[in-house]
Amino acid sequence: HTVSSVKNTPPDPVLRMTMLLHDIGKPMTMHTDEKGASHFPNHPKLSCAMAKSILTDLRFPNDFISTVTLLIENHDNRYTPDAPMIKRCMRDLGVENTRKLLTIQRADILAQSNYKRAEKLSTLDSVVEEFERILDKKECFNLESLAVNGKDIIHLGVVKGEKIGQILRTLLDYVIDEKLKNEKDALLNFAKTII
């Protein structure tokens, strides 16, 4: 599976290293249920820790290690073509790392058994399509794309500090979850209720 997943990955060192190490923690997490099926609970977390140790020992650059371990930790997260879900991923990982994650997920699926492969690939294609639509439409998914900023919150009477960030993150969550439009007036009115 590992060899196939590496072969199915574009020739990018970060992506290839991610796929080489993405399941390295599986043997230590394996347990077999009463029906004889194997399960690997929390293997991405252990694989991430092991990869970080290996790449640090091999003196890879910190930014390389950070990206590889981020992708390994998230490689098993399964998404649907649901805009809020994808926007949360984009918010948490950033645009480029989300793109890389979707690329390695394709490589992972292609290296798995045929069981539900077509269905998984179809879902992933829809997720990629929605991801690209969000970018094309310049929809809000991070604080930089929010229609208000810290200065706007200060003008509402909030003293500079941690509270400003909390309010902005709350507003962003509401916009991502499509409970609030990314429009300055709507955001400021809602911010007043938070304050």
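The values are calculated or read from the model by the stated rules, or taken from the named source; none is laboratory data. Not measured: the values here are computed from a predicted model. The area values use the complete protein model at the heavy-atom level, side chains included, leaving out ligands, DNA and RNA. Shrake-Rupley method; radii C 1.70, N 1.55, O 1.52, S 1.80 Å.
In the full protein context, the chain carries 58 Å² of accessible surface per residue, based on a 1.4 Å probe and ignoring ligands, DNA and RNA.
Which of the residue pairs K35/K116; K116/K181; K137/K163; K137/K160 have a Cα-Cα distance greater than 26 Å in the structure shown? Working shown, then result.
Numbers: K35/K116 20 Å; K116/K181 37 Å; K137/K163 30 Å; K137/K160 32 Å.
Those over the limit are K116/K181; K137/K163; K137/K160.
Here the 3J(HN,Hα) profile of the stretch 53-66, calculated from phi with Karplus coefficients 6.51, -1.76 and 1.60 at θ = phi - 60°, is 5, 4, 5, 5, 4, 7, 6, 6, x, 4, 5, 5, 4, 4 Hz, Gly and Pro shown as x.
Taking the centroid of alpha carbons for each part, the stretch 1-36 and the stretch 141-170 are 41 Å apart.
Relative contact order, whole percent, for the stretch 102-195 stands at 24, derived from Cα pairs under 8 Å and 6 or more residues apart. For the chain, adding -39500 (n - 2.57) for each run of n ≥ 4 DSSP H residues and dividing by the number of residues yields -20000 deg cm²/dmol at 222 nm.
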